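S.K.: I have a structure I would like to understand better, so I am pasting it below and will then ask my questions one at a time.
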Amino acid sequence: MLCPRCRTEMEISNHGGVEIDRCPRCGGVFLDKGEMESITERAVASVVDMHPSFEQVAADQPAICRCGEEMMEITGADEVRFDWCMSCEGTFFDAGELRQIDAFRAD
Ligand SMILES: [Zn+2]
Ligand SMILES: [Zn+2]
């Protein structure tokens, strides 16, 4: 799939049996419906989101989901911002956003 943010072809990385789409350019991470729960259980979000040196990509356009719909920007608990697709319930995190979620912190 293409990155919802910068339209670069995403790479699939496997984390504890959970396959996650991640963008090699901007570091964004796309989670299909249900994958959010999987990575919470396995506490691998910090691994998913560990690289700080990705290219900054302006978020001035709506992210486009893998299903083609525009994603909604949502602010959740702990002021974490992410993009959510009403159509397929996919979730997209820009680099650095995922680790801000309390439940994902290792400590
Ligand atoms: Zn990207
Ligand atoms: Zn979608």
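The values are calculated or read from the model by the stated rules, or taken from the named source; none is laboratory data. Keep in mind that what you see is a predicted model, and the values were worked out from it rather than measured. When we count neighbours, we look across all protein chains shown, and the Cβ atoms used for this are built from the backbone with ideal geometry, even at glycine.
S.K.: I'm trying to understand the selection: among the residues of the stretch 15-36, which are assigned to a strand (DSSP E or B) and near ligand 1 (Cβ under 9 Å from one of its atoms)?
M.R.: Result: Arg22, single match.
S.K.: Can you tell me how many residues within the stretch 65-89 are outside any strand (DSSP E or B), over 13 Å from the mean Cα position of the chain (by Cα) and away from ligand 2 (no atom under 13 Å from the Cβ)?
M.R.: Qualifying residue count for the region: 4.
S.K.: Here is a follow-up. Assess whether Pro24 counts as being away from ligand 2 (no atom under 14 Å from the Cβ), at pLDDT below 75 and over 20 Å from Cys85 (Cβ atoms).
M.R.: no
S.K.: So, one more: Take the stretch 72-100 and flag every residue that is among the aliphatic types (A, V, I, L, M) and under 18 Å from Glu9 (Cα atoms).
M.R.: Result: Ala95, single match.
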